[in-house]
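Novice: The structure that follows is given in the form of structure tokens.
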Amino acid sequence: MTTPNNLSRRLFLQRAAVGTLMATGGSTLLAACATSGGDDGGSTGGGDKTDENPFGMADKATVDAVIFNGGYGYDYVSFAANIAQAKFAGSTFKVAPSTQIAQQLQPRFVGGNPPDLIDNSGANQIGFNTILDQLSTLDDVFEAKNYEGTKILDTLYPGAKLPGTYDGKFVAMNYVLTLYGLWYSDSLFKENGWEPPKTYDALLDLGAKAKAKGKYLFVWGKEAATYYHTLAVDSAIKEGGDEVRLALENLEANCWSKPQLQSVFKAMETMVKNGYFVPGGAGTQFTAAQAKWSNDQQAILYPSGSWIENEMKKATKSGFQMKGVPEPTLTDSPKLPYEALRSAAGEPFIVPSKGKNVAGGKELLRAMLSKEAATNFAKTRLAPTIVKGLVPADGFGSTALQSQTAMLDAAGTNIFDYQFVGLYGMNTDNLVVWNSFLSGQLDAAGLTKGLQQITDKVRNDSSVKKIPVTK
């Protein structure tokens, strides 16, 4: 087995180190959920349970999977499905892509006929708080033997269950390691003598330098406007620490008026007014907008998760030398250091308890966790999975993957995460506000008002289960 690279080893060691925080509500407020994870209802097909068929999937079964078709695509699940299909001759594993998870699948949950496996990800993911009692627990997946005959749990990095554990019930398998940062072309920056900015003052200065060269600082697309929401929140948390994070996680009144958030919003407002954003983003499909950064180099920075390299690999200029750096802080003395990162396992896979083939959904997860399938993902997506030891130290030659290693080394234990946006299904509403702000139709005060209204709506809705976060 290949020695694990620093990226994957450090991230999960760090995730394990903050496991106590996560289990008590900190960065995975979902762990404090008091809602049941659901039983394993639905048909398992009636097959005999063995090491080779640990969930008892029936012969000649059909498995229905719907996978978010985002930065990682969906054919990596098709790759795993082909492995499973070869192992279970006569069975059919159907893998369908979707970019509208909530719109397409919420009606199926309501109708009692959800797919057997779902990658509940993307801008239109289903709010987890609405379906927790309709999800199967997945502990038996990690207890099963993989296709190589080894207990799956023993092949994973520590902490693999934590991001998808709700009230002690493991119901979402987060498959991919993700970190968030600012991404840039190292060759372009060296050519112009630019340094990646560490503060918002430096970011504004860089915007002026880019404009002088006929370039923009940033670009956005309509479906990804909330990447700037992530940037703003992450920077404010780094500046203000737990006070900011907990206010947002707990949907506090006036939480968006925290001075750290206001300072970031005002800096972004200045960037918009100064013309540092490529115009027209609210009417531009997000990958087309991103290509203005990665291929055309109209913009010189882009905030994103570490999926960005794979997402844009067919639209990245030759010699681009993509790299990532941590998100900037407001001052030189933040509560968390500049090197701190938001990082977590992502791409949450769920098995609905009322699916027609619960056993089949779990079997496809088992296939995804095989050495062959996980290696395929890491090599083709240039991102590690929760399966340890499959990414070489050179990051398959990827400068972006190498920079992730550097970022995690520098961050040490200064790793944080939060879940309120996905938990309460707020991203769709947030997109409207952020598109308006980045277009110049709202100022910082209008952005604050819009985000607070979205938060207040959730907080004041008695039908929405609230999950307190204390650490």
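The values are calculated or read from the model by the stated rules, or taken from the named source; none is laboratory data. As the structure is a computational prediction, the values presented were derived from the model and not from experiment. Counting neighbours? That spans all protein chains shown, and the Cβs are built from the backbone with ideal geometry, glycine included. The accessibility values were calculated without ligands, DNA or RNA, using every heavy atom of the protein model including side chains. Shrake-Rupley method; radii C 1.70, N 1.55, O 1.52, S 1.80 Å.
Novice: What about PRO115, is it out of contact with any Ser or Thr (no Cβ under 6 Å at 6 or more places or on another chain), open to solvent by 40 Å² or more (accessible area, probe 1.4 Å) and not aliphatic (A, V, I, L, M)?
Specialist: No; evaluated as a whole, the condition is false for this residue.
Novice: Residues of the stretch 268-277 being over 25 Å from the mean Cα position of the chain (by Cα) and of a type outside the set (Lys, Arg), which ones?
Specialist: GLU269, THR270, MET271, VAL272, ASN274, GLY275, TYR276
Novice: Scan the stretch 132-159 and report the pairs whose first residue is farther than 17 Å from MET57 by Cα and among the small types (Gly, Ala, Ser) and whose second residue is assigned to a loop (DSSP other than H, G, I, E, B) and open to solvent by less than 20 Å² (accessible area, probe 1.4 Å), with Cβ atoms within less than 9 Å and a gap of 6+ or a chain change.
Specialist: Pairs that qualify, where the first residue is farther than 17 Å from MET57 by Cα and among the small types (Gly, Ala, Ser) and the partner is assigned to a loop (DSSP other than H, G, I, E, B) and open to solvent by less than 20 Å² (accessible area, probe 1.4 Å), are GLY159/ILE386.
Novice: Only residues that are closer than 13 Å to VAL351 by Cβ and of a type in the set (Val, Ile, Thr): list them for the stretch 111-144, please.
Specialist: Answer for the stretch 111-144, where residues must be closer than 13 Å to VAL351 by Cβ and of a type in the set (Val, Ile, Thr): ILE118, ILE131, THR137, VAL141.
Novice: Looking only at the stretch 309-324, filter to residues that are at pLDDT 95 or above, open to solvent by less than 20 Å² (accessible area, probe 1.4 Å) and touching a Phe, Trp or Tyr at 6+ places or on another chain (Cβ under 7 Å); which one of those is nearest to ASN295 (Cα to Cα)?
Specialist: So, considering only residues that are at pLDDT 95 or above, open to solvent by less than 20 Å² (accessible area, probe 1.4 Å) and touching a Phe, Trp or Tyr at 6+ places or on another chain (Cβ under 7 Å), the one nearest to ASN295 (Cα to Cα) is MET322.
Novice: Just the residues that are modelled with pLDDT of 95 or more, open to solvent by 30 Å² or more (accessible area, probe 1.4 Å) and not hydroxyl-bearing (Ser, Thr, Tyr), please, taken from the stretch 282-308.
Specialist: Those that are modelled with pLDDT of 95 or more, open to solvent by 30 Å² or more (accessible area, probe 1.4 Å) and not hydroxyl-bearing (Ser, Thr, Tyr): ALA282, GLY283, GLN285, PHE286, ALA288, LYS292, ASN295, ASP296, GLN298.
Novice: Oh, and also: Of all residues in the stretch 264-321 being among the hydroxyl-bearing types (Ser, Thr, Tyr) and outside any helix (DSSP H, G or I), which is nearest to ALA236 (Cα to Cα)?
Specialist: My answer is SER304.
Novice: Oh, and also: May I ask you to list pairs of residues, at least six apart or on different chains, whose Cβ atoms are under 6 Å apart, with the first in the stretch 69-97 being closer than 13 Å to LEU364 by Cβ and the second being in a helix (DSSP H, G or I) and among the β-branched types (Val, Ile, Thr)?
Specialist: VAL95/VAL77
Novice: So, one more: Regarding GLY355, is this residue assigned to a loop (DSSP other than H, G, I, E, B), open to solvent by 10 Å² or more (accessible area, probe 1.4 Å) and not aliphatic (A, V, I, L, M)?
Specialist: no
Novice: Moving to a separate point now. Can you tell me which of GLU372, GLU363 is of a type in the set (D, E, K, R), open to solvent by 10 Å² or more (accessible area, probe 1.4 Å), modelled with pLDDT of 95 or more and assigned to a helix (DSSP H, G or I)?
Specialist: Details: GLU363 fails: open to solvent by 10 Å² or more (accessible area, probe 1.4 Å).
When all the criteria are applied, what remains is GLU372.
Novice: Any chance the stretch 235-245 includes a residue that's among the β-branched types (Val, Ile, Thr) and surrounded by 20 or more Cβ atoms within 10 Å (Cβ to Cβ)?
Specialist: Checked the stretch 235-245: at least one residue is among the β-branched types (Val, Ile, Thr) and surrounded by 20 or more Cβ atoms within 10 Å (Cβ to Cβ).
Novice: Please find, within the stretch 49-75, the residue that is surrounded by the most Cβ atoms within 10 Å (Cβ to Cβ) out of those that are closer than 17 Å to GLN103 by Cα and among the β-branched types (Val, Ile, Thr).
Specialist: Residue satisfying both the conditions and the ranking: ILE67.
Novice: Just to be sure I understand, how many residues within the stretch 199-251 are over 19 Å from SER263 (Cα atoms), touching a strand residue (DSSP E or B) at 6+ places or on another chain (Cβ under 9 Å) and in a helix (DSSP H, G or I)?
Specialist: Residues that pass the stated criteria total 2.
Novice: Which residues, counting only those in the stretch 400-413, are at pLDDT 85 or above and either buried (at least 17 other Cβ atoms within 10 Å of the Cβ) or of a type in the set (Lys, Arg) (or both)?
Specialist: Once the filter is applied, which keeps residues that are at pLDDT 85 or above and either buried (at least 17 other Cβ atoms within 10 Å of the Cβ) or of a type in the set (Lys, Arg) (or both), the stretch 400-413 yields ALA400, LEU401, GLN402, SER403, GLN404, MET407, ALA411.
Novice: Select from the stretch 429-471 the residues that are in a helix (DSSP H, G or I) and among the hydroxyl-bearing types (Ser, Thr, Tyr) and write down the one among them that is farthest from MET271 (Cα to Cα).
Specialist: THR455
Novice: While we're looking at this one, here's another question. ALA212 - would you say it is free of Cβ contacts under 8 Å to residues at least 40 places away in the same chain and buried (at least 20 other Cβ atoms within 10 Å of the Cβ)?
Specialist: No: the conditions fail for ALA212.
Novice: If you check VAL391, VAL387, which single one turns out to be over 18 Å from the mean Cα position of the chain (by Cα), β-branched (Val, Ile, Thr) and surrounded by 24 or more Cβ atoms within 10 Å (Cβ to Cβ)?
Specialist: The unique qualifying residue is VAL391.
Novice: Among ALA172, ALA123, which is crowded, with 21+ Cβ neighbours inside 10 Å, modelled with pLDDT of 95 or more, closer than 30 Å to TYR302 by Cα and not aromatic (Phe, Trp, Tyr)?
Specialist: ALA172
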